[in-house]
Amino acid sequence: MNKKLMRMTVLIIFLLTIQFIYGQNIEMVFISGGVFTMGSPGNEVNRNSDEFQRQITLGPFFIGKYTVTQAEYERIMGKSPSRFKKEGDNLPVENVTWFDAIEFCNKLSELEKLTPVYAITGTGNERTVSWNRNANGFRLPTEAEWEYSCRAGTNTAFNTGNNVGTYEANYDGKSPYNNNAAGAYIRKTVPVGSYQANEWGLYDMHGNVWEWCWDWYGNYAAGAQTNPIGPASGTYRVLRGGSWFDGGRNLRSAARFNYYPGNRNYFFSFRIARS
């Protein structure tokens, strides 16, 4: 690529990023895509059997710099379901269902004059959601996109190395990872961005709140995959990242959790993505 074309490409990416900072003021980071090993190696302490490794290739995408805050959620949806709402608008929104997150993405797309990604039919917990891969609106990250973003080029148990301290993430420090030193247990969420970002400028990928992903939960498909989106159907949706309530083992980059998409909990949240 010649220097002129490279400068133009950088300028286009910069302008796209600025576009997302303005409007509804939700900051996003451009992830250029690439190849990585998803899952955990067999010798990783506390790994689970559903974390087997495979090679993943991802195209470029944008992802939220932070989890969606209570102020952002209330501005878009008109209300906040959060348990910790009295603690401050810059706390992550929590107590949200997977369906809440899907509806937020569509509403935000409409406000930004973009094509909503999700088509929703039915009512209540019987709703069916389909993903229009050609739409240009906001969406949830896939499980693969989430792990790639969390790792930020690392292949250790955490993007901080082989351990994560309570000075690096909000979790139950009384239950540290792999017999490491114990730390604080705050017992609630903290404002987004309270800890240092990973190498790609993303905050709170470990701890604070679990984050909903698009995927149905299930065993990974065998072999190398390109832009995987998970099983075609299922009972539970995937969450990633661990929370203020969890011990260190659940904050690992490869750790997976799943829950009914219609149920809410005060350590469930989400961050947005866009293709």
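Shown is the FRET efficiency for Asn219 and Asn25, computed with R0 = 35 Å from the Cβ-Cβ distance and rounded to the nearest 0.05: 0.35.
If you count Lys pairs in the chain whose Cα atoms are under 26 Å apart, skipping same-chain pairs closer than 8 places in sequence, the total is 16. In this structure Arg249 has an accessible area near 110 Å², from a 1.4 Å probe over the protein heavy atoms.
Rolling a 1.4 Å probe across the protein heavy atoms gives the chain an accessible surface of 46 Å² per residue.
Running a GNM on the chain with Cα contacts under 10 Å, which residue among Val192, Val35, Val96 ends up with the highest mean-square fluctuation? Top of the fluctuation ranking is Val35. Exposed loop sites here are chymotrypsin sites (Phe, Trp or Tyr not before Pro) assigned a DSSP state other than H, G, I, E or B and surrounded by at most 16 other beta carbons within 10 Å; excluding them, the longest clear run of the chain is 53-166.
A Förster radius of 30 Å, combined with the Cβ-Cβ distance separating Asn48 from Lys188, puts the computed FRET efficiency at roughly 0.70. If you take the Cα centroid of region 59-75 and the Cα centroid of region 105-143, the two points sit 15 Å apart.
The amide H of Ser269, built 1.01 Å from its N in the peptide plane, has Trp210, Glu211, Trp212 as neighbours under 5 Å, considering only residues 5 or more places off or on other chains. For the residues Glu126, Glu112, Glu211, a GNM of the chain with alpha-carbon springs under 10 Å puts the largest fluctuation on Glu126.
The distance between label points at Trp131 and Asn155 comes to 2.6 nm (points 7 Å beyond Cα on the Cα→Cβ vector). Only protein atoms count toward the accessible area here, which uses a 1.4 Å probe; on the chain, the carbon and sulfur part of that area reaches 49 percent.
The values are calculated or read from the model by the stated rules, or taken from the named source; none is laboratory data. A quick note: this is a predicted structure, and the numbers were derived from the prediction, not measured. Here the Cβ is made from the backbone with ideal geometry for all residues, glycine too, and neighbour counts use every protein chain on show. In case anyone asks, the SASA skips ligands and DNA or RNA and just uses the protein heavy atoms, side chains included. Shrake-Rupley method; radii C 1.70, N 1.55, O 1.52, S 1.80 Å.
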